[in-house]
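One structure is given here, and the rest of the page talks about it.
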Amino acid sequence: MAMHKILLYCISSILLLACGDSSDTKKPEVCFNTSIYNCPSSAFNDPFGISLIFAWYSGQCTEEVACTEEESSNDFPSGIITGDYIDALSGITQTTEQEPNNTFDDSLAFFMQQGATVAIRGSIDSATDLTDFVVFGSLSNDLHAVYVCREPGVCTLPFYQQENIYIELYDENRVLIGSTLNNLSPNGQSLSFTPTLGRAYYVSINAIETQGMPLNYELVVTD
């Protein structure tokens with residue numbers, strides 16, 4: 001299986017103990033403890049980083065540890081990432097949309113731990129900003145829900161009830177698997193589904209008619 005490398009700086013610097021003989025009377029040197037993780041090539045085919053996170057948590061990335069006197073400046077073909085990259089992508093619980101996010105390719109990406117709830121705030125309008133996209137993966141294959149809060153900050157039942165917007169759910173191949181267009185649930189703008197581990201899913205929130213005014217929303221994905 002082809003492997004690519006990613007580089008994480010685990011410790012900025014420590015006194016050189018493991019890299020030399022502890023009985024040496026020389027002045028201690030500085031040691032940069034650098035971990036290199038070899039991950040499957042397929043993990044780098046996803047521009048959003050979701051496949052890389054799945055590979056990381058499922059143990060597909062193997063670690064090599066090196067101790068060097070100088071901080072590494074190598075630039076592997078797949079790039080160098082800092083140690084908090086994975087925590088940042090998988091630690092989102094509340095965020096705000098970032099334009100452009102009007103197409104699949106511009107989707108706001110995040111990764112869900114088991115039992116997580118992620119809320120995204122933004123705005124759409126029927127004149128200039130018809131659609132916002134998010135894309136995510138989950139470490140749980142329990143039943144998930146996607147819904148639009150009644151209003152930002154008010155996310156209890158019933159959810160958003162009006163039909164001037166709708167939400168849609170797509171698989172990683174961008175095939176539609178759920179929509180509230182002409183199919184509003186009794187709870188309002190909401191969908192439920194059971195994700196497959198290792199797969200990414202897209203959600204779009206779409207304006208039908210907002211009378212030329214921005215409609216502020218809070219979109220929630222929950223396990």
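Only one of the numbered conditions (1) closer than 13 Å to Val203 by Cα; (2) surrounded by 13 or more Cβ atoms within 10 Å (Cβ to Cβ) is not met by Cys155, and that is (1). For Glu168, the requirement of being under 17 Å from the mean Cα position of the chain (by Cα), without any contact (Cβ under 8 Å) to a residue 40 or more places away in the chain and not assigned by TED's automatic domain parsing to the domain that holds Ile50 is not met. If the condition is being within 18 Å of Asn102 (Cα to Cα) and either assigned by TED's automatic domain parsing to the domain that holds Trp56 or free of Cβ contacts under 8 Å to residues at least 60 places away in the same chain (or both), then region 127-163 contributes only Thr128. Look at (1) surrounded by fewer than 17 Cβ atoms within 10 Å (Cβ to Cβ); (2) modelled with pLDDT of 95 or more; (3) among the aromatic types (Phe, Trp, Tyr) and you find that Tyr147 fails only one, number (1). Here Val203 clears all of (1) out of contact with any strand residue (DSSP E or B) (no Cβ under 9 Å at 6 or more places or on another chain); (2) part of a strand (DSSP E or B) except the condition numbered (1). If you check Leu169, Leu157 for being more than 18 Å from Asn216 (Cβ to Cβ) and assigned to a loop (DSSP other than H, G, I, E, B), only one passes: Leu157. Just for region 172-187: of the residues that are modelled with pLDDT of 95 or more and part of a strand (DSSP E or B), which one is farthest from Ser42 (Cα to Cα)? Within region 172-187, the match that is farthest from Ser42 (Cα to Cα) is Ser179.
The values are calculated or read from the model by the stated rules, or taken from the named source; none is laboratory data. Owing to the predicted nature of the structure, the values given are computational and were not obtained by experimental measurement. Note that each Cβ is placed from the backbone with ideal geometry, even for glycine, and that neighbours are counted across all protein chains shown.
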